[in-house]
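Structure first, then comments.
Bear in mind these aren't lab numbers, they're just calculated from the coordinates by the rules spelled out. What you are looking at is a predicted structure, and each value in this text was computed from that prediction instead of being measured. With ideal geometry, Cβ positions are generated from the backbone for all residues, glycine too; neighbour counts draw on all protein chains shown.
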Amino acid sequence: QVQLVESGGGLVQAGGSLRLSCAASSTYTMGWFRQAPGKERELVAASSWTGGRTYRADSVKARFTISRDDAKNTVYLQMNSLKPEDTAVYYCAAQKDRYSTNYYYTAPYDYWGQGTQVTVSS
């Protein structure tokens, strides 16, 4: 059973930064999703298993960066210039299909982390 262990969430003021980490047991196609109260879970960023291809949602493209350290089987989400509307529970997710480019929807992801709360105060 693959485990995804997230860390790095917390409370930050608007304009601040946080870095989320997701440690996995191996290398996968990875995605970061978020879900705010009353809203659907949405993709924030994704990375192919080699890290050679990444995706970021338009709402975060200029502020968030996804990266990975395959020696540690860890994926990071660096979040800068945070806004109150970024407040959500953030989840990392992994696909067994290493060659997948189907990042955008939750269904292709086989494994999910427990979620970490990010709260941005105004």
Evaluation of VAL12 against (1) surrounded by 15 or more Cβ atoms within 10 Å (Cβ to Cβ); (2) without any contact (Cβ under 8 Å) to a residue 60 or more places away in the chain; (3) under 19 Å from THR119 (Cβ atoms) (one fails), failing number: (2)
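With a cut-off of at least 2 residues that are in contact with a strand residue (DSSP E or B) (Cβ under 7 Å, 6 or more places away or on another chain) and farther than 24 Å from ALA107 by Cβ, name the strands (runs of 3 or more DSSP E) lying wholly within the stretch 1-91. Explain how you work it out, then say what you get.
Values: elements: 5-7, 10-13, 18-23, 29-35, 42-47, 54-56, 64-69, 74-79.
Because the criterion is at least 2 residues that are in contact with a strand residue (DSSP E or B) (Cβ under 7 Å, 6 or more places away or on another chain) and farther than 24 Å from ALA107 by Cβ, the strands (runs of 3 or more DSSP E) in the stretch 1-91 that meet it are 10-13, 18-23, 64-69, 74-79.
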Tabulated pairs, the stretch 56-84, first at positive phi, second surrounded by 14 or more Cβ atoms within 10 Å (Cβ to Cβ), C-beta under 8 angstrom, 6+ apart or interchain: ASN73/ALA23; ASN73/ALA24; ASN73/THR27; SER81/ARG63
Given (1) in contact (Cβ under 8 Å) with a residue 24 or more places away in the chain; (2) assigned to a strand (DSSP E or B), index of the condition ARG98 fails: (2)
Residue that is loosely packed, with under 13 Cβ neighbours inside 10 Å, of a type in the set (A, V, I, L, M) and under 17 Å from MET30 (Cβ atoms), where the choices are ALA94, ALA62, ALA71: ALA71
